[in-house]
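Reviewing the structure listed below.
Please treat every number below as a calculation from the coordinates, not as lab data. Predicted model only: the values in this text are computed from it and were never measured. Cβ atoms come from the backbone with ideal geometry, glycine included; neighbour counts cover every protein chain shown.
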Amino acid sequence: MSRLDVFINRMVSQRACLDYAVDATKGMTGPVFELGLGNGRTFDHMREKMPERQIFVFEREVASNPASTPTEDQTILGDVRDTLPAALERFGPTAHLIHADLGGHNLEKNDAFARLISPLVEPLLAPGGLMVSSDQMYFDDLREIDLPADAVPGRCFIYQR
Ligand SMILES: C[S@@+](CC[C@H](N)C(=O)[O-])C[C@H]1O[C@@H](n2cnc3c(N)ncnc32)[C@H](O)[C@@H]1O
């Protein structure tokens, strides 16, 4: 499988999992968290699909396309190792949808980082809430659920409290 195939599978899976999670959490209250702004493509998709919901974006350095840059009050700037614990103090366990796409090209590093932040992400999710991740996560009390039909296994993961 070429790198192009892997990239396309990741994008298709991100969209499929996000659309599934948006639908499955419709009507739930509480904030939505986007972990890793990057270019802002998934943030843009999320705000288009959920214009009525409050989205906060966690990013250490904003360098997104101006067309998909969150406002200052939507942005939680800093390293997620610091900002996730601070978000727990600020919001408590209220997020009903968390999307994480924090990884780079090094799969081993991505996996180590996912292990590190799993215990920081887990307490933020409200009962019934969903967490969508590009990397496998390591949660104690969230269960992994089946992917929607058009997502590619291994390219996206969905967890539920
Ligand atoms: C792959 S990009 C996200 C791409 C995004 N989903 C999109 O559609 O454009 C990953 C982002 O996560 C951010 N990131 C990685 N590690 C981080 C950390 N420890 N704290 C905060 N942001 C981090 C990077 O700066 C980068 O912007």
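Which of GLU122, GLU144, GLU89 has the fewest other C-beta atoms within 10 Å, and how do the rest follow up to the most? Numbers along the way, then the final one.
Values: GLU122 21, GLU144 14, GLU89 7.
If I rank by nearby Cβ atoms, fewest first, I get GLU89, GLU144, GLU122.
ALA67 label point, 7 Å along Cα→Cβ, cut-off 16 Å on backbone N: hits in region 36-51?
In region 36-51, the label zone of ALA67 (backbone N under 16 Å from the point 7 Å along Cα→Cβ) covers 39-49.
Can you give the extra length, in nm with one decimal, that the chain gains between ARG60 and GLU48 once fully stretched, where that is 0.36 nm per residue apart less the Cα-Cα distance?
Taking ARG60 through GLU48 to full extension adds about 2.0 nm, to one decimal.
What shape does the chain take by its C-alpha gyration tensor, where a ≥ b ≥ c are the square roots of the eigenvalues and a/c under 1.5 counts as rounded, a/b above b/c as prolate, and the rest as oblate?
rounded
Relative to the Cα centre, what is the charge dipole magnitude of region 1-133, using +1 at the beta carbon of each Lys and Arg, -1 at the beta carbon of each Asp and Glu, and rounding to the nearest 20 debye?
240
Among GLU34, GLU48, which comes first, second and so on when ranked by fewest other beta-carbon atoms within 10 Å?
Result, fewest neighbours first: GLU48, GLU34.
From the helices alone, meaning DSSP H stretches of at least four residues, give me the mean residue ellipticity at 222 nm for the chain, per-run term -39500 (n - 2.57), in deg cm²/dmol to the nearest 500.
After summing the helix terms and dividing by residue count, I get -11500 deg cm²/dmol.
Determine the shape class of region 59-110: with a ≥ b ≥ c the square roots of the Cα gyration tensor eigenvalues, call it rounded for a/c under 1.5, and otherwise prolate if a/b is greater than b/c, oblate otherwise.
Oblate is the answer for region 59-110, as a/c is 1.5 or above yet b/c matches or exceeds a/b.
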